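Written below as structure tokens is the structure these notes are about.
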There are 2 protein chains.
Amino acid sequence: MRKIPSNDTFNLEEFLPFCLHQASETVSQSFRTIYRSDYGMTRTEWRVFAQLGQYGAMTATQVGSSANLHKTKVSRAVFTLEKRRWLKRQPDTDDRRNQIIALTTEGKRAFRELGQRGLTYNQRMRELLGKDRFDEVLRLTRELEEAVAKL
Amino acid sequence: MRKIPSNDTFNLEEFLPFCLHQASETVSQSFRTIYRSDYGMTRTEWRVFAQLGQYGAMTATQVGSSANLHKTKVSRAVFTLEKRRWLKRQPDTDDRRNQIIALTTEGKRAFRELGQRGLTYNQRMRELLGKDRFDEVLRLTRELEEAVAKL
DNA sequence: GCAAATTTGTTACATTTGTGACCATTGATT
DNA sequence: AATCAATGGTCACAAATGTAACAAATTTGC
């Protein structure tokens, strides 16, 4: 009596969405305390903030498409971050539907801090996992997205 | 003037939580339509359901620890799946706090269907990504969780 | 130039999730 | 045995998200 072959039977432990979700959530939660406890941000807020810190001023739509966030999520995160005075909006004179969003001076300062924490976290994980495997993970995440696009 | 080195500057595109989240969400959403549109299930329900289909009867706590779901999430998913008559609960005579949860006959039938869809999806992704890379992803997801545990 | 279609962003409402309190039961300490 | 702590599960309330409708600005097609 042989073991059930994984190739013609559903097996959760080899099911890509499940495995990825588990790993991703485990990793995300381990970083969460930094933006959450230390800065009182939600995951969405942190993601919007990081986009702006990384790439500079852009419109809400651009934030959303770059980080894969629905426009309502972006809208709400922008509102909250604005209240915190970490970003401000400017009307776009070319297309008055847009608003250009950019970090304030204080927002940039906060981003330098948080970016530093993120860098430290990343380096730590790179050590723990091994640099080759870490880089392999990054490469594979890109390839995964390309693969899904071909579905 | 050289490019900013990735090793001493925060860079979103190499930030593990971000990259993993993007890939994981992209993959999850591409499978979502199957349990969602076709079966009207939420992600949490599907995850609880898959645990039970895969591993058989167990307590709510076991479901949660196996799939990394908070007990309230499990509790609510179990309630919904029970209404749908896909699972039922039995009191545990050894420890009357527990309830043993198991799929019903109809639940098992549904799981065979959904499992088949999942298998097909997984095989498709394996082809698209390449078997080696696919297997590599699965291996790395496990190693990632171990790495986080050492944090 | 103008009506219809599209895009940007916000809002209201419904659904889902997070958090803490809670009850019932079991285990541990004495 | 009596008390106290720990565990399994549910509930109520708050916070976050998804969805659809919307107004305002722009683009398209005629």
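Does A:R124 satisfy the criteria of being in a helix (DSSP H, G or I) and at the interface with another protein chain (Cβ under 8 Å from one of its Cβ atoms)?
Yes: the conditions hold for A:R124.
Could you tell me how many of the residues in segment A:76-90 are surrounded by 14 or more Cβ atoms within 10 Å (Cβ to Cβ) and either within 10 Å of DNA strand C (Cβ to nearest atom) or in a strand (DSSP E or B) (or both)?
7
Just checking, which of B:V27, B:V63 is more than 10 Å from DNA strand D (Cβ to nearest atom), touching a helix residue (DSSP H, G or I) at 6+ places or on another chain (Cβ under 6 Å) and of a type in the set (A, V, I, L, M)?
So the residue among B:V27, B:V63 that is more than 10 Å from DNA strand D (Cβ to nearest atom), touching a helix residue (DSSP H, G or I) at 6+ places or on another chain (Cβ under 6 Å) and of a type in the set (A, V, I, L, M) is B:V27.
Which residues, counting only those in segment B:58-74, are over 16 Å from the mean Cα position of the chain (by Cα), within 16 Å of DNA strand C (Cβ to nearest atom) and touching a residue at least 12 places away in the same chain (Cβ under 8 Å)?
Within segment B:58-74, just B:T59 meets the criteria.
So which residues in segment B:127-144 are more than 8 Å from every other protein chain (Cβ to nearest Cβ) and assigned to a helix (DSSP H, G or I), if there are any at all?
B:E127, B:K131, B:D132, B:D135, B:R139
All but one of (1) over 26 Å from B:F134 (Cα atoms); (2) in a helix (DSSP H, G or I); (3) among the aliphatic types (A, V, I, L, M) hold for A:V148; state the number of the condition that does not hold.
It fails just one condition, (1).
Among residues belonging to segment A:108-121 that are among the charged types (D, E, K, R) and within 9 Å of chain B (Cβ to nearest Cβ), point out the one that is surrounded by the fewest Cβ atoms within 10 Å (Cβ to Cβ).
A:R112
Tell me yes or no: at least one residue of segment A:99-107 is part of a loop (DSSP other than H, G, I, E, B) and either small (G, A, S) or modelled with pLDDT of 95 or more (or both).
Within segment A:99-107, one or more residues are part of a loop (DSSP other than H, G, I, E, B) and either small (G, A, S) or modelled with pLDDT of 95 or more (or both).
Are there any pairs with C-beta distances below 8 angstrom linking a residue in segment B:89-113 that is touching a residue at least 24 places away in the same chain (Cβ under 8 Å) to a residue that is hydroxyl-bearing (S, T, Y) and within 16 Å of DNA strand C (Cβ to nearest atom), with the two at least 6 apart or on different chains, and if so which?
As it stands, the answer is B:D92/B:T59; B:N98/B:T59; B:N98/B:T61; B:Q99/B:T59; B:I100/B:T59; B:I101/B:T59; B:A110/B:Y39, since those pairs meet every condition given.
For segment B:11-40, how many residues meet the condition of being modelled with pLDDT of 95 or more and not in a helix (DSSP H, G or I)?
Adding up the residues that qualify gives 2.
Residue by residue through segment B:62-75, note down the ones that are surrounded by fewer than 16 Cβ atoms within 10 Å (Cβ to Cβ) and not in a helix (DSSP H, G or I).
B:N68, B:H70
Okay, residues lined up against (1) surrounded by fewer than 16 Cβ atoms within 10 Å (Cβ to Cβ); (2) in contact with a Phe, Trp or Tyr (Cβ under 9 Å, 6 or more places away or on another chain); (3) more than 8 Å from chain B (Cβ to nearest Cβ):
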residue	(1), (2), (3)
A:F10	no, yes, no
A:P17	no, yes, no
A:Q22	no, no, no
A:R36	yes, yes, yes
A:Y39	no, yes, yes
A:Q51	no, no, no
A:G56	yes, no, yes
A:A60	no, no, yes
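Among A:T44, A:T105, A:T93, which is the only one that is over 18 Å from the mean Cα position of the chain (by Cα), among the hydroxyl-bearing types (S, T, Y), surrounded by fewer than 17 Cβ atoms within 10 Å (Cβ to Cβ) and within 16 Å of DNA strand D (Cβ to nearest atom)?
Among A:T44, A:T105, A:T93, only A:T93 is over 18 Å from the mean Cα position of the chain (by Cα), among the hydroxyl-bearing types (S, T, Y), surrounded by fewer than 17 Cβ atoms within 10 Å (Cβ to Cβ) and within 16 Å of DNA strand D (Cβ to nearest atom).
Can you confirm whether segment B:67-79 contains a residue that is within 15 Å of DNA strand D (Cβ to nearest atom), more than 14 Å from every other protein chain (Cβ to nearest Cβ) and in contact with an Asp or Glu (Cβ under 6 Å, 6 or more places away or on another chain)?
Checked against the condition, which is being within 15 Å of DNA strand D (Cβ to nearest atom), more than 14 Å from every other protein chain (Cβ to nearest Cβ) and in contact with an Asp or Glu (Cβ under 6 Å, 6 or more places away or on another chain), segment B:67-79 yields at least one hit.
The values are calculated or read from the model by the stated rules, or taken from the named source; none is laboratory data. No experiment lies behind these values; they were computed from the predicted model shown. Please note: Cβ atoms are built from the backbone with ideal geometry, for glycine as well, and neighbour counts cover all protein chains shown.
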